[in-house]
Amino acid sequence: MSSTHVCLSVIISLYYCYFLSAKIPKGIPRLISLLPIFYLFTILPLYFSSAFLIALTTFFITWLANFKLLLFAFNQGPLSLSTKNATKKLSLPIFISMAALPLRSKQHNLKSNEPNPTKKIPLNLAAEFVLLAIFLELTFHHKSQIHPNLVLICYCFMVFLMIDILVALSSSIAKILVGLELEPPSNEPYLSTSLQDFWGKRWNLTVTNTLRLTVYNPVRSALSEVIGKNWALRVAVLATFVVSGLMHELIFYYVNGVSPSWEMTLFFVLHGLCVMVEIGVKRAVKDTWRLPWFVSGPLTVGFVVATAFGLFFPPIIRNGADERVLEEVGTCYDFIKTKMLQLPNFVGHFR
């Protein structure tokens with residue numbers, strides 16, 4: 001199955017959801033009607049041989065699209081066709097865009113707890129492309145000359161830049177094609193002052209919002225009457241991180257084709273436990289004592305990077321997934337670079 005066939009499969013499946021499943025009463029009946037789509041979206045990455053396309057399809061479709069359709073089964077989330085917050089029914093193009101792409105529409109986003117989106121260190125899309133090109137040049141052509149820890153630092157920057165660029169490009173395409181007003185993909189995670197700030201308000205906000213709706217809110221609501229609101233909040237936080245870890249394991253299981261080592265899940269469980277502790281400490285001290293931002297910021301980012309070095313990246317590197325993705329993206333980068341270097345000669349030829 002080619003990439004064109006995969007795209008057509010996704011679009012046809014979302015037509016089915018919009019015109020047929022939407023007519024079925026919400027809840028279990030609609031959920032049952034969506035089971036074939038969940039199955040299809042789960043196996044679609046297996047039709048690719050490219051590591052990059054496998055990772056991208058698993059992230060966009062197997063993870064985010066399936067989670068959004070799970071919410072749609074109960075007439076919730078960004079695909080809901082009739083909510084009290086919506087001014088009108090979603091059109092088909094918007095429905096498909098919101099389902100298939102990692103977008104957060106301002107119109108359908110719930111009350112935001114995110115900080116002011118004004119950037120302190122403005123990085124526009126062009127600047128992010130330039131930075132990504134620099135890190136690709138270093139890792140693709142000079143990796144053997146760089147210390148392994150510096151390579152991992154480059155990987156940290158590249159993960160951030162590639163996710164931000166992919167989500168930003170998806171948002172731009174959706175805005176041009178269907179006129180959606182969209183939220184930014186992230187909010188300067190490198191300026192986070194706590195793990196709660198990093199994971200809840202700054203990093204990869206499309207995933208954060210999806211996990212909040214599909215995992216955090218239902219778990220917290222279900223357990224509040226059983227174990228109390230405070231413990232329900234903590235368990236919901238941990239459950240959210242566990243699910244995120246499992247979905248990351250799935251992405252790299254598809255890419256690597258080997259049994260997971262569970263290090264990646266441990267990375268997210270560790271961060272979930274740390275966020276639980278952080279919430280408890282903040283409630284205990286309230287506003288009586290707080291670390292200054294120039295201390296808490298480096299500590300937060302340093303902890304994320306250090307734990308990523310120890311748990312997140314090793315299973316990727318051990319099985320060569322980083323080399324496969326780097327080879328594909330680096331080859332594409334070299335092709336674009338060659339064409340851009342030839343551009344002055346091409347223009348001069350017509351003068």
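Quick notes on this one:
- The single condition among (1) under 26 Å from ILE54 (Cα atoms); (2) in a helix (DSSP H, G or I); (3) not basic (Lys, Arg) that THR300 does not satisfy is (1).
- Of the helices (runs of 4 or more DSSP H) contained entirely in the stretch 180-269, those carrying at least 2 residues that are touching a residue at least 60 places away in the same chain (Cβ under 8 Å) fall at 205-211, 229-256.
- Among the residues of the stretch 191-211, those that are closer than 18 Å to PHE157 by Cβ and either touching a helix residue (DSSP H, G or I) at 6+ places or on another chain (Cβ under 6 Å) or surrounded by 20 or more Cβ atoms within 10 Å (Cβ to Cβ) (or both) comprise SER192, PHE198, ARG202, TRP203, ASN204.
- For the condition out of contact with any Pro (no Cβ under 6 Å at 6 or more places or on another chain) and either at pLDDT 95 or above or more than 27 Å from PRO148 (Cα to Cα) (or both), LEU213 qualifies.
- Residues of the stretch 271-323 that are open to solvent by 40 Å² or more (accessible area, probe 1.4 Å) and under 17 Å from GLU249 (Cα atoms): PHE309, GLY310, ILE317, ARG318, ASN319.
- Taking (1) over 16 Å from the mean Cα position of the chain (by Cα); (2) surrounded by fewer than 22 Cβ atoms within 10 Å (Cβ to Cβ); (3) among the hydrophobic types (A, V, I, L, M, F, W, C) in turn, LEU90 satisfies each apart from (2).
- Pick from the stretch 1-43, criterion under 23 Å from the mean Cα position of the chain (by Cα) and among the aromatic types (Phe, Trp, Tyr), ranking: farthest from ILE94 (Cα to Cα): TYR39
- Unmet criterion (only one of (1) without any contact (Cβ under 8 Å) to a residue 12 or more places away in the chain; (2) touching a Phe, Trp or Tyr at 6+ places or on another chain (Cβ under 8 Å)) for ASN149: (1)
- Filtering ILE163, ILE173 for residues that are surrounded by fewer than 17 Cβ atoms within 10 Å (Cβ to Cβ) and closer than 25 Å to PHE60 by Cα leaves a single hit, ILE173.
The values are calculated or read from the model by the stated rules, or taken from the named source; none is laboratory data. Computed from a prediction, not measured in an experiment: that's the story for all the values here. Methodologically, a virtual Cβ is constructed for each residue, glycine included, from the backbone with ideal geometry; neighbour enumeration extends over all protein chains shown. Side chains are part of the model used for accessible areas, which takes the heavy atoms of the whole protein and leaves out ligands, DNA and RNA. Shrake-Rupley method; radii C 1.70, N 1.55, O 1.52, S 1.80 Å.
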